[in-house]
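S.K.: I have a structure here, written as C-alpha cells, and I will follow up with some questions on it.
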Amino acid sequence: MPDQRNGPNRPGLVRGAPAPQPGQPRLLDRLHAEIRLLHYSVRTERAYAHWVKRYVLFHGKQHPAELGAEAVRAFLSALATELHVSASTQNQALNALVFLYKNVLRIELAALGEIAPARRPQRLPTVLEVSEVHALLAHLEGSPRLVASILYGSGLRLLEALHLRVKDLGFERGELLVRDGKGRKDRVTMLPRTLASDLRAQLANARAVWEQDQREESAGVPLPDALARKYPLAPREWGWQWLFPATRRFVDRESGAERRWHLHESVVQRAVKRAVRAAEIAKPASCHTLRHSFATHLLGAGYDIRTVQELLGHRDVSTTMIYTHVLNRGGRGVRSPLDPL
C-alpha cells in the first residue's frame, strides 16, 4: 500500500493531543489492557489488534497519536479501493480505530464522526432444504456430526455449541443453556430429544477425558472472567468441563498451568465442508447455514417469529425477519399464480 501520511499539518487531530512518551507501555499492550477491561471477546481483541497493526504499517510505522481523522479516512479508503474488502470488514477496521483513539489514546478526532460506516449489502442467507440437511448429516460422523446436529437442531452458532459445558444440558426439560453468547447474553434453547442418547454418549467420552486429567493432576479447564479466582476448585469440577473437549491439553501462557480447551472450530468446519462436497450440495453451505436452516424451517412449520427470535438470541426482531424473506411469506403465505394451472 502507498504511504499516505497527512504531512505536518494533519487535519482532524485535536491540538494538544498527547504524543507517546518514553517508558510508557507499548501501544498494543495498552490496547489489549483496555479491551480486557471492558470484557470484550477474545476474537474482538485479536481483530482490533490486527487492524491497529495494519493501520500503523500503512502510515509508515508512524504513531497513531501523531495522525488524525484524515489518516483514518485514507486507510479505510485504501481498504475499499485497493484491496476491495467487504463493507463488514471495512466497518470492523473502523471500529478498531475508533476504539484505539477513544479508549486507548484518549484522543477526540475532530472529523471522525463524519466517517460513516460502509453500507452493508442486504443479502439473503443460504438455507438448505430438509433433504439437503439430511444428506449433509449423513456424510458426517463422530463429534463433527453431533456438533452439526446441535447447530441445526438447536439453532446455535458454532462457537456457542463448542462452548457448551456439562452443566448446560437439561435432559429432563429438553433445554440447552447457552452462556455468554453473542453480545454476552445468556439464553435457553431446545435440546432435541433425538440427540439425547448421542449426547449422553458424548458425556461419557468427556468424563473419560476428565478422569484422565484428574489422574494426571491437570489444572482443569479455563473459566470465564475471574471465576477461577472466585472458585479455585471449579476448573477441575465435572460440571464445568467441556462437552466437546480437545484431544490435547495446552499450557496457559499467563499461569503456566496445563489446561484443556474445547474442540477447535476448524475441525467441525473442515468436516462440514467435506460433507457438503460428498452430498453434492450445490449451495455454498457452511456451519452457520445450519443455523439459518433451523430458523427458516421453524418459521415454515408455523412457529411464531418472536419465539424463533428468542431461540436464536437476536436482540431485534428485524434481524429474525430476514428468514421470512427467504420463505417469501408475510402474515400469510403468497401463492404463485402459476400453481393453480
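S.K.: Could you work out the pair-distance distribution P(r) of region 131-257 from its alpha-carbon pairs, with 5 angstrom bin width and percents rounded to whole numbers?
M.R.: Calculated P(r), rounded to whole percents: 2, 9, 19, 22, 19, 15, 8, 3, 1, 0.
S.K.: For region 141-153, what does the Karplus curve 6.51 cos²θ - 1.76 cosθ + 1.60, with θ = phi - 60°, yield as ³J(HN,Hα) per residue in whole Hz, taken in order and with x for Gly and Pro?
M.R.: Karplus-based 3J(HN,Hα) across region 141-153 equals 8, x, 4, x, 5, 5, 4, 4, 5, 5, 4, 7, x Hz.
S.K.: Moving to a separate point now. Just to check, using Stokes-Einstein with a Kirkwood Rh over alpha carbon pairs, what's the diffusion coefficient of region 186-289 at 10 °C and 1.306 mPa s in µm²/s? Walk me through the numbers on the way to the answer.
M.R.: On the way: Rh = 16.1 Å.
Stokes-Einstein gives a translational diffusion coefficient of 99 µm²/s.
S.K.: Here is a further query. Could you list which residues have their amide H under 5 Å from that of Glu175, counting only those 5 or more apart in sequence or on another chain, with H placed in the peptide plane?
M.R.: Gly170, Leu191
S.K.: On the full set of protein chains, 1.4 Å probe, figure out the accessible area of Ser131 and give it in Å² to the nearest 10.
M.R.: 80 Å²
S.K.: If you don't mind, another one. Would you list which lysines come within 29 Å of Lys283, measuring only between C-alpha atoms, while excluding same-chain residues fewer than 8 positions from it?
M.R.: Lys182, Lys273
S.K.: Amide H of His262: which non-local residues (sequence gap of 5 or more, or other chain) have their own amide H closer than 5 Å, using H built in the peptide plane?
M.R.: Here the answer is Ala246, since their amide H atoms fall under 5 Å of that of His262.
S.K.: Structure shown: which of Lys53/Lys185; Lys167/Lys230; Lys53/Lys102 lie over 22 Å apart, alpha-carbon to alpha-carbon? Walk me through the numbers before you get to the answer.
M.R.: Working: Lys53/Lys185 30 Å; Lys167/Lys230 18 Å; Lys53/Lys102 17 Å.
Long pairs (Cα-Cα over 22 Å): Lys53/Lys185.
The values are calculated or read from the model by the stated rules, or taken from the named source; none is laboratory data. Quick caveat: nothing in here was measured; it's all calculated off a predicted structure. Surface areas here come from the heavy atoms of the whole protein model, side chains and all, with no ligands, DNA or RNA. Shrake-Rupley method; radii C 1.70, N 1.55, O 1.52, S 1.80 Å.
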